[in-house]
1. Take the range 152-187 and flag every residue that is charged (D, E, K, R) and touching a residue at least 12 places away in the same chain (Cβ under 8 Å).
2. Where in the range 98-202 are the helices (runs of 4 or more DSSP H), entirely inside, with at least 1 residues that are of a type in the set (D, E, K, R) and either closer than 17 Å to Leu86 by Cα or touching a His at 6+ places or on another chain (Cβ under 6 Å) (or both)?
3. Of everything in the range 90-120, what is among the hydrophobic types (A, V, I, L, M, F, W, C) and without any contact (Cβ under 8 Å) to a residue 60 or more places away in the chain? Give them in sequence order.
4. So, of the residues in the range 84-97 that are hydrophobic (A, V, I, L, M, F, W, C) and assigned to a helix (DSSP H, G or I), which turns out to be nearest to Leu185 (Cα to Cα)?
5. Looking at the range 61-83, is at least one residue modelled with pLDDT of 90 or more, of a type in the set (Lys, Arg) and either touching a Pro at 6+ places or on another chain (Cβ under 7 Å) or outside any helix (DSSP H, G or I) (or both)?
6. Could you check the range 20-51 and list, in sequence order, the residues that are within 20 Å of the chain's Cα centre (by Cα), crowded, with 18+ Cβ neighbours inside 10 Å and either modelled with pLDDT under 90 or more than 24 Å from Ala167 (Cβ to Cβ) (or both)?
7. Considering the range 167-202 alone, what residues qualify as being among the aliphatic types (A, V, I, L, M) and farther than 29 Å from Leu92 by Cα?
8. Does Asp37 meet the test of being charged (D, E, K, R) and under 18 Å from Ala150 (Cβ atoms)?
Amino acid sequence: MQAKPLIASATAALAALPLAALAHPSADAGAHHHALDAALHAFAHPFTGADHLAAMVAVGAWSALTVRPAWRAPAAFVALLVAGALAGFAGLQLPGVEPMIAASVLVLGLLLALQKKMPWGAAATLAGVFAFFHGAAHGMELAGDTGLAAVAALAGMALGSALLHLAGMLLGHGLLQRHRLLASLGGAATATLGAFMLIRLA
C-alpha cells in the first residue's frame, strides 16, 4: 500500500499555495471561528456532491488497480484541484466547467470499469485536467471567503479530496483487486452517473 506518498504529496501541494496572495487578515475577533467554519464547509463539500465524490473515489480505485506507482494520479488530482480552486478564487471564468465535471465522472468510471492500464504520466495528466475543473467549481463557490478563511477553505477542500482518493485506493487494494467484477460494476455505475449528468446538461 502506497498511501503515504499520496498524503505527503497532498501536504506538499498545500504548502506550495501562494498564501501571501490570499492574505488579507481581518481584525474581527471572530476571524478564527469563521476560518474554522470555512474549513469544515470546504472539507465536507467533496463528500456532499455525488459528482465530486464519484470522480475522486474512481481515481483512487482505478489507480490502485492499474497505475504504477498508484499514488501519482491521485496526487496530481489534488494538486490541480487546488490550482483550479485558486483560479476560481481569482475570478477566472472557465468555459464548460459543469460539462467537464460530468465528463470526468463518465470517463473515470469507464476507466475503472474497463480497468484500463495507462502510464502514470498519462494517468496523472488526465486526472489533473479533470481536477482543475473540479477545483474551479469549488473556488467559484467559495470565492466569498477572504484572508484566513480562504486559506482554511482551500486546506479543508484539499484534505477532504485527498481522503476520498485514499478511500478509493484502499477500496481498490483491499477489495477490488480480488473481485474484479465489483470494480467493473462500480465503474459502470460511475460512468452511468456521468452520462446522466451530461444528458441533463444537454
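The values are calculated or read from the model by the stated rules, or taken from the named source; none is laboratory data. Since the structure is predicted, the reported quantities are computational estimates derived from the model, not experimental observations. Quick reminder, even Gly has a Cβ in these numbers, built from the backbone with ideal geometry, and neighbours come from all protein chains shown.
1. Selection gives Arg180 alone.
2. Fully inside the range 98-202 and qualifying: 120-141.
3. Correct list: Ala90, Leu92, Leu94, Val97, Met100, Met118, Trp120.
4. That would be Val97.
5. There is at least one residue in the range 61-83 that is modelled with pLDDT of 90 or more, of a type in the set (Lys, Arg) and either touching a Pro at 6+ places or on another chain (Cβ under 7 Å) or outside any helix (DSSP H, G or I) (or both).
6. Those that are within 20 Å of the chain's Cα centre (by Cα), crowded, with 18+ Cβ neighbours inside 10 Å and either modelled with pLDDT under 90 or more than 24 Å from Ala167 (Cβ to Cβ) (or both): Ala38, Ala39, His41, Ala42, His45, Pro46.
7. Selection gives Ala167, Met169, Leu170, Leu171, Leu175, Leu176, Leu181, Leu182, Ala183, Leu185, Ala188, Ala189.
8. yes
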